[in-house]
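The values are calculated or read from the model by the stated rules, or taken from the named source; none is laboratory data. No experiment lies behind these values; they were computed from the predicted model shown. Reconstructed Cβ throughout: ideal geometry from the backbone, glycine too, with neighbour counts over all protein chains shown.
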Amino acid sequence: MSTYSRRSFLEASALVGASSTLFPSILYAGAKNADDITVEHIKAAETLAGISFSPEQRELMLQNLERNRRSLVRLHEMKLPNSVIPCNVFDPSIGGVPTPHVPTKQPLDWQPLEVSRPSNPEDLAFMTIAELASLLKARKVTSVELTKLYLSRLKQFDSVLHCVVTLTEDRALMQAQAADAELDSGMWRGPLHGIPWGAKDLLAVKGYPTTWGAMPYRDQEFGYDADIVRRLDQAGAVLVAKLTLGALAMGDVWFGEKTRNPWNPDQGSSGSSAGPGSAVAAGLVGFAIGSETLGSIVSPSTRNGVTGLRPTFGRISRSGAMTLSWTMDKLGPMCRSAACCALVFETVHGAESADPTSVTTSFSWPSKKNVQDLRIGYLATYFDRDYANKEADLAILQNLRRAGLELRPVQLPETDPGPILFMLSVEASAAFEDLTLSGRADELVNQGAGAWPNTFRAHRFIPAVDYVNASRARTLLMKEMKELFDSVDVILTPTFGGNTLGVTNLTGHPSITIPNAFRKLEETPNPARRQPDSMTIIGQLYQDESVIALADFIQSRTDHHKQRPPIA
């Protein structure tokens, strides 16, 4: 038996998850054939797994490991597209909050506003959904006019912002013409009827590429629409563009460029919902659909100064969307205001058979929640720290107190989410195993230590036992969050305060991120440039209506959500 060599082991380990399908896990890193597995390989694997066995135990394991290896080789021969879901699903109610299932969605109780058509088309481009819907229903503007306006703006500003993967112009004009015909005849599908919107390009749209922002999938097409696209089609909304995302939902760099922040185009728009954040802020779409696994709605909403709703896990079906993490992915609207998010959410939420995690629960807008009755908490220790947006955040707290609302200091569970969050990368590594094993991960733009290719390889070394135990630790975290929300309905927090992103994405709690600052930049070629910032409201599971209602109340007393970027 050869003497264990760290160098030879690392050289063999480099093959794991790279071009060969024969080295699927930490235990088989150095073996070319089943009979080649030795106790030295087991000893080396122990180092990475953080465990230790005796020499006798290692000898005893050999036969079992050889049998496991043959099973894993056969497993790798199976074709598992990204769309295939695991047979076990994440259920946030395990933490102790029952899922409030309702058999059907309730009809929307919304009435159009009295709105005049603006003379300046740019003003039209920055109107809220409610304002546009009112103009459309009153026939003061047509869907074709709006669609051509947004298509023109997408073409005009994409050279600066790089927020468009594919214009869906033919589809959009056909939808707009159909919407106008229905509206002219008196048929009104609801407040999204005739409103142009943009989809993060991880949503399948029949007849168009769905690139996932990554070079290996640049020409990928699906013969169906994502569930959320179907729902928006049925509501009469008009899809004008598939918008950028960082490659495979990481960051703001995709195969075409870096998507830019319209408030300061020298800066990226953050991600991974980079295109939706940039396009909404710049008035290139009426609203957009983004997605979040660990900050991908929250972060670009902050960077671009828009309002982003990350719903409770399961309230919007992910059928037809790219999978990164089966237990953490969420779709949500990115809009000009909380009220806009409510109108989109009302249309797209609900159970769908292809996504077993999806549920139908009650939601109404205008909200029946009286903000004065909400038990409002705030993460006091996070607001006490020194950070860039502290002054603006404290101003919001003071604004609420002046309105007569009581704010209770609370704190997040003490459980550190860090040791649990590797579940995301393990699931992503499984979702994109073929990309890793085929070697095509090398085609992704980012290849650094923190980029997906390296992450996919590294997380093949996580033992299955530890993944299961992380899931069990996650259950404890969910129970702790349930206890926290026994005393409050919503919680205000600095957007990136402490562990809020990690904790709430692991537990599936809803949040809404609203702009509350546009700080001047000291050195800039354009004095109109600003640095947007935000505050976030977290809610109890399935109480999305409460977080939207409080955000809407704040926005009724402030005007940050009405600001327009210079795009230059």
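Odds and ends about this structure:
- Flag for Leu245 being in contact with a strand residue (DSSP E or B) (Cβ under 9 Å, 6 or more places away or on another chain), buried (at least 24 other Cβ atoms within 10 Å of the Cβ) and not in a loop (DSSP other than H, G, I, E, B): no
- The residue of the range 424-443 that is nearest to Ile85 (Cα to Cα), among those that are more than 20 Å from the chain's Cα centre (by Cα) and assigned to a loop (DSSP other than H, G, I, E, B), is Ser438.
- Subset of the range 183-193 that is free of Cβ contacts under 8 Å to residues at least 60 places away in the same chain, of a type outside the set (S, T, N, Q) and part of a loop (DSSP other than H, G, I, E, B) - its residue that is surrounded by the fewest Cβ atoms within 10 Å (Cβ to Cβ): Gly186
- In the range 252-273, the count of residues that are assigned to a loop (DSSP other than H, G, I, E, B), in contact with a strand residue (DSSP E or B) (Cβ under 7 Å, 6 or more places away or on another chain), within 26 Å of Lys137 (Cα to Cα) and of a type outside the set (S, T, N, Q) is zero.
- Those residues of the range 369-387 which are out of contact with any helix residue (DSSP H, G or I) (no Cβ under 8 Å at 6 or more places or on another chain) and in a loop (DSSP other than H, G, I, E, B), in sequence order: Asn370, Arg375, Arg385, Asp386, Tyr387
- Failed item in (1) crowded, with 17+ Cβ neighbours inside 10 Å; (2) touching a Gly at 6+ places or on another chain (Cβ under 9 Å); (3) within 27 Å of Gly277 (Cα to Cα); (4) not polar (S, T, N, Q), with Asp170 passing the rest: (1)
- Qualifying position, being touching a residue at least 12 places away in the same chain (Cβ under 8 Å) and basic (Lys, Arg), among Arg530, Arg472: Arg530
- Screening Lys105 with (1) surrounded by 12 or more Cβ atoms within 10 Å (Cβ to Cβ); (2) out of contact with any strand residue (DSSP E or B) (no Cβ under 8 Å at 6 or more places or on another chain); (3) touching a residue at least 60 places away in the same chain (Cβ under 8 Å) gives one miss only, at (2).
Matching residues to (1) crowded, with 24+ Cβ neighbours inside 10 Å; (2) touching a Pro at 6+ places or on another chain (Cβ under 7 Å); (3) touching a residue at least 60 places away in the same chain (Cβ under 8 Å); (4) in a helix (DSSP H, G or I):
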{"residue": "Gly223", "(1), (2), (3), (4)": "no, no, no, no"}
{"residue": "Ile228", "(1), (2), (3), (4)": "yes, no, yes, yes"}
{"residue": "Ala279", "(1), (2), (3), (4)": "yes, no, yes, yes"}
{"residue": "Val285", "(1), (2), (3), (4)": "yes, yes, yes, no"}
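- Some residue of the range 109-121 being assigned to a helix (DSSP H, G or I), more than 30 Å from Leu541 (Cα to Cα) and under 32 Å from the mean Cα position of the chain (by Cα): yes
- Selection count where residues are surrounded by fewer than 21 Cβ atoms within 10 Å (Cβ to Cβ), part of a loop (DSSP other than H, G, I, E, B) and under 24 Å from the mean Cα position of the chain (by Cα), scope the range 517-562: 0
- Conditions (1) more than 23 Å from Ser119 (Cα to Cα); (2) in a loop (DSSP other than H, G, I, E, B); number of the one not met by Gln175: (2)
- Tally of residues being at pLDDT 85 or above, assigned to a loop (DSSP other than H, G, I, E, B) and surrounded by 15 or more Cβ atoms within 10 Å (Cβ to Cβ) across the range 16-52: 1
- Filtering Arg139, Arg153 for residues that are outside any strand (DSSP E or B), surrounded by 16 or more Cβ atoms within 10 Å (Cβ to Cβ) and of a type in the set (Lys, Arg) leaves a single hit, Arg153.
- Applying a threshold of 8 Å to beta carbon distances and a minimum spacing of six or more residues, or different chains, the list of pairs starting in the range 432-454 at a residue that is crowded, with 21+ Cβ neighbours inside 10 Å and ending at one that is hydroxyl-bearing (Ser, Thr, Tyr) and in a loop (DSSP other than H, G, I, E, B) reads Leu437/Ser19; Leu437/Ser20; Leu437/Thr21.
- Top-ranked residue in the range 63-102 [being of a type in the set (Val, Ile, Thr) and either in contact with a Lys or Arg (Cβ under 8 Å, 6 or more places away or on another chain) or in a helix (DSSP H, G or I) (or both); ranked as surrounded by the most Cβ atoms within 10 Å (Cβ to Cβ)]: Val97
- Filter result (more than 22 Å from Ser301 (Cα to Cα) and of a type in the set (Phe, Trp, Tyr)) within the range 194-250: Tyr208, Tyr217, Phe222, Tyr224
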